[in-house]
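K.L.:
Please read through the structure below; I'll follow up with questions.
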Amino acid sequence: MIEKKMIKKHLLTCSVILVLTIIFQLSFGTIKTPKTPQNNRRNYSFISYESAKPAGLNFANETLPLGDKKVKVKMRLCLRRHSFGNVQSDILHRKAEIWFPIIEPILKAHGIPDDFKYIPLVEAGFGQGKSSRGAYGVWQFMPGTARTYGLKVGGKHDERLDIRKSTIAACIYLKELHGEFKSWAMVAAAYNTGSPNLAHLVHDQKQGNYFKIHMNRETGVYVYSLIAMKEIINHPLEYGYTTEKPILAMIAQHDADKLSFD
């Protein structure tokens with residue numbers, strides 16, 4: 001009799017354990033970890049910045065100073081900053097596909113290096129509308145500068161939004177800046193900070209090389225950002241973008257002097 005009671009007690013205990021196990025699995029076993037931006041992101045293959053493969057990095061065929069550690073560090077940071085892991089957007093590629101076929105022939109007709117087509121992507125590629133300072137349009141012209149170079153601004157019609165007219169105005173402005181600074185990298189810097197500001201820095205520091213002048217943070221990385229933009233547009237797979245884009249762009253020549261990250 002005692003033995004039967006023990007068996008029943010043992011079976012009851014086992015049953016309780018089994019029921020509790022089933023309840024636990026039903027309650028907790030099927031819960032999935034919520035997907036966060038981090039664990040929902042694909043494991044992209046990013047460029048190896050220490051790779052022995054040389055990177056043809058230049059702006060308007062003006063090469064970066066070889067052997068300058070500060071230049072290399074800035075360039076690496078800009079490349080990382082523009083990778084898919086940080087940007088996570090194909091907006092730039094889509095805008096390049098629309099803008100470049102219009103911008104490229106205008107730049108060529110005015111004798112402006114093709115690399116300047118990346119200015120609109122750096123200036124206005126991510127955003128829409130006016131900047132906090134009043135810059136507007138593809139080339140982010142300030143109202144006064146736009147009027148100076150022939151664009152109508154005001155009322156209901158703002159030609160800063162006309163990609164053809166604003167690109168022509170930008171070409172006139174860029175050519176004028178080159179006549180003053182004699183360097184395309186310096187022209188890009190002047191486009192960002194303004195001709196008077198850059199001329200003041202050149203005078204004070206007795207230095208006309210963009211990569212050696214001490215500038216404000218934004219202008220100091222501006223040309224690096226243009227080079228980085230060129231890299232991700234021309235070589236998207238190396239920077240984490242999943243699809244090659246059919247960019248109708250004139251790809252920069254890679255037989256120029258190269259900057260190696262060895």
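K.L.:
For region 113-135, which residues satisfy the criterion of being free of Cβ contacts under 8 Å to residues at least 40 places away in the same chain, open to solvent by less than 20 Å² (accessible area, probe 1.4 Å) and in a helix (DSSP H, G or I)?
P.N.:
Within region 113-135, Pro120, Ala124 qualify.
K.L.:
Would you mention how many residues in region 232-244 are open to solvent by 10 Å² or more (accessible area, probe 1.4 Å) and either closer than 14 Å to Ala188 by Cβ or not aliphatic (A, V, I, L, M) (or both)?
P.N.:
6
K.L.:
Sticking with this one: What's the total number of residues in region 199-212 that are touching a residue at least 12 places away in the same chain (Cβ under 8 Å) and either in contact with a Leu (Cβ under 8 Å, 6 or more places away or on another chain) or at positive phi (or both)?
P.N.:
The qualifying residues number 1.
K.L.:
Determine the pairs where a residue that is within 13 Å of Leu121 (Cα to Cα), located within region 85-97, has a partner that is modelled with pLDDT of 75 or more and among the β-branched types (Val, Ile, Thr) with Cβ atoms under 6 Å apart, the partner being 6 or more residues away or on another chain.
P.N.:
Going by the 6 Å Cβ cut-off, the qualifying pairs are Ala96/Ile233.
K.L.:
Considering region 47-83 alone, what residues qualify as being open to solvent by 90 Å² or more (accessible area, probe 1.4 Å) and at pLDDT below 80?
P.N.:
If the condition is that a residue be open to solvent by 90 Å² or more (accessible area, probe 1.4 Å) and at pLDDT below 80, then Glu50, Lys53, Leu66 are the ones that fit.
K.L.:
It is to be established whether one or more residues within region 74-84 are among the hydroxyl-bearing types (Ser, Thr, Tyr), over 22 Å from Leu57 (Cβ atoms) and assigned to a loop (DSSP other than H, G, I, E, B).
P.N.:
no
K.L.:
Which one of the conditions (1) under 24 Å from Glu218 (Cβ atoms); (2) in a helix (DSSP H, G or I); (3) in contact (Cβ under 8 Å) with a residue 24 or more places away in the chain does Val138 fail to meet, given that it meets all the rest?
P.N.:
(2)
K.L.:
When only residues in region 229-249 that are of a type in the set (Ser, Thr, Tyr) and under 14 Å from the mean Cα position of the chain (by Cα) count, which is modelled with the lowest pLDDT? Don't jump to the end; show me each part of the working.
P.N.:
Taking region 229-249 first, the residues of a type in the set (Ser, Thr, Tyr) are 239, 241-243.
Adding the requirement that they be under 14 Å from the mean Cα position of the chain (by Cα) leaves 239, 241.
Values: Tyr239: 82, Tyr241: 79.
Here the residue is Tyr241.
K.L.:
Could you please give the count of residues in region 150-167 that are closer than 16 Å to Ile112 by Cα and open to solvent by 70 Å² or more (accessible area, probe 1.4 Å)?
P.N.:
Adding up the residues that qualify gives 2.
K.L.:
Take the conditions aliphatic (A, V, I, L, M) and closer than 16 Å to Ile233 by Cα and apply them to Val87. Does it pass?
P.N.:
Numbers: aliphatic (A, V, I, L, M): yes; closer than 16 Å to Ile233 by Cα: yes.
Criteria met by Val87.
K.L.:
For region 134-145, give me each residue that is at pLDDT below 90 and within 22 Å of Leu92 (Cβ to Cβ).
P.N.:
The answer is Ala135, and nothing else.
K.L.:
Moving to a separate point now. Just give me the residues in region 169-198 being farther than 18 Å from Val122 by Cα, among the hydrophobic types (A, V, I, L, M, F, W, C) and either open to solvent by 60 Å² or more (accessible area, probe 1.4 Å) or in contact (Cβ under 8 Å) with a residue 60 or more places away in the chain (or both), in sequence order.
P.N.:
Correct list: Ile172 only.
The values are calculated or read from the model by the stated rules, or taken from the named source; none is laboratory data. All figures in this text were calculated on a predicted structure; none of them were measured in a lab. Reconstructed Cβ throughout: ideal geometry from the backbone, glycine too, with neighbour counts over all protein chains shown. Accessible surface areas use protein heavy atoms only, side chains included; no ligands, DNA or RNA. Shrake-Rupley method; radii C 1.70, N 1.55, O 1.52, S 1.80 Å.
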